[in-house]
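Everything below concerns the one structure shown next.
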Amino acid sequence: MTTVLLTDDHPVVRAGLRALLVASGIDVLAEASDGAEAIAELDRLTATGTPPDVVLMDLQMGDGMDGVSATAAIRGRGCAPAVLILTTYDTDTDILRAVEAGAGGYLLKDAPPKNLVDAVHRAARGETVLAPAVAQRLVTRLAQPTASLTAREVDVLERVADGATNRAIAKALFVSEATVKTHLVHINEKLGATSRTDAVAKARTAGILR
């Protein structure tokens, strides 16, 4: 029987996923509400000799450790279980970060139940599982590479998109306003943007921002 550690910050979503998986013959060994709790549950299960075959991982989980950080921590261990991302986000940045962290699959929450169940079984067998839309985005990204922003540049641009001033961004990131301005110059150069608004619009079109 395939076994799963279920990680999502919404109790109702976890309950629905548990019901679906159990009804399909998959054993849900434990649940977690964020990445740190998932790692703790994995340690507990491993200590009892019953580690899961798959960690089903949400990407964004409130103020707790996110799915990418948790995936990297889990996959960095020896004999780690497969990690299957299940999220509502399909931007290039999210997908690439998850894959680089070691995720063995990336599905969207609007996937048909049958596809999700099949993906869990395939991930348990060590296969790579990508939602069709996600696979297409990766193929397009490779065929037509877009500007690549650093993680810090994405942080800055996300705050710009939220309407933050340079001063507010500098305070949030513990850097100087001059550093923020330098990041914005680099962002505009990479995206071919002429303003903050233009940079945000082009980043969204390119799938860099949600």
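The values are calculated or read from the model by the stated rules, or taken from the named source; none is laboratory data. Predicted, not measured: the structure shown is a model, and the values here were computed from it. Please note: Cβ atoms are built from the backbone with ideal geometry, for glycine as well, and neighbour counts cover all protein chains shown. Note: accessible area is taken over every heavy atom of the protein model, side chains too, but ligands, DNA and RNA are not part of it. Shrake-Rupley method; radii C 1.70, N 1.55, O 1.52, S 1.80 Å.
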Among the acidic types (Asp, Glu) and either under 19 Å from residue 77 (Cα atoms) or assigned to a loop (DSSP other than H, G, I, E, B) (or both), is that true of residue 110?
yes
Among all residue pairs at least 6 apart or on different chains, which show Cβ distances below 7 Å where the first residue, located in the range 174-199, is over 11 Å from residue 157 (Cα atoms) and the second is open to solvent by less than 80 Å² (accessible area, probe 1.4 Å) and part of a loop (DSSP other than H, G, I, E, B)?
190/147; 190/149; 191/147
Out of curiosity, is residue 25 part of a loop (DSSP other than H, G, I, E, B), without any contact (Cβ under 8 Å) to a residue 40 or more places away in the chain and at positive phi?
yes
Would you check which residues across the range 43-62 are polar (S, T, N, Q) and free of Cβ contacts under 8 Å to residues at least 12 places away in the same chain and list them?
46, 48
From the residues in the range 164-193 that are surrounded by 15 or more Cβ atoms within 10 Å (Cβ to Cβ) and outside any helix (DSSP H, G or I), which one is modelled with the highest pLDDT?
164
Output the residues belonging to the range 47-105 that are closer than 21 Å to residue 148 by Cα and of a type outside the set (A, V, I, L, M, F, W, C).
69, 89, 90, 91, 92, 93, 94, 97, 100, 102
Only residues that are surrounded by 16 or more Cβ atoms within 10 Å (Cβ to Cβ) and in a helix (DSSP H, G or I): list them for the range 194-210, please.
196, 199, 200, 202, 203
What are the residues in the range 128-163 that are modelled with pLDDT under 80, among the aliphatic types (A, V, I, L, M) and open to solvent by 60 Å² or more (accessible area, probe 1.4 Å), if any?
139, 142, 143
Restricting to the range 28-57, give me the number of residues that are assigned to a helix (DSSP H, G or I) and among the hydrophobic types (A, V, I, L, M, F, W, C).
7
Residue tally, condition under 17 Å from residue 2 (Cβ atoms), surrounded by 18 or more Cβ atoms within 10 Å (Cβ to Cβ) and not aliphatic (A, V, I, L, M), over the range 105-127
2
Picked from the range 58-104 (must be β-branched (Val, Ile, Thr) and part of a helix (DSSP H, G or I)), the residue surrounded by the most Cβ atoms within 10 Å (Cβ to Cβ) is 71
Write out, first by first residue and then by second, each pair whose Cβ atoms fall under 7 Å of each other, whose residues are 6+ apart or on separate chains, and whose first residue, in the range 65-91, is among the charged types (D, E, K, R) while the second is in a helix (DSSP H, G or I).
66/35; 75/101; 90/133; 90/134; 90/137
